[in-house]
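A short write-up of the structure that comes next.
Every number in this text was worked out from the coordinates using simple rules, so none of it is lab data. Treat the numbers as computed from the prediction; the structure is a model and nothing was measured.
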């Protein structure tokens, strides 16, 4: 079993929650010199991800990844409803690694509603779902996310 320092967990949760609260930040339109990041999505992986999303995620996040109505409002237990994954929420504020970990491990340990999927979905299946979800994002959102987390890496 891997031991993680409490300070590391607190730091991760703080960063995660802070970045989620930055919802008001708008994406600037792409400038004339900023190029849209070309997406190289394999059609087979896309369709597999779409199928896995529909089977496992759509019940909470919506058929088109639109999230639950009023997802920013806390429910009676003080937790947020399922956010949109289509680029209109905060998903793009997180790295692929963070998104992967949220799906795999859920958010229960940090006070969220997202269940852990590690016992139902393989790591490969989680990556396929992320391939499909990020393909739903507008060019501006995808480019901003890519430049934030993947450029020069």
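Take every pair of alpha-carbon atoms less than 8 Å apart whose residues are at least six positions apart; their mean separation over the length of the stretch 40-149 yields a relative contact order of 29 percent. Per residue, the convex hull spanned by the alpha carbons of the stretch 40-149 comes to 104 Å³.
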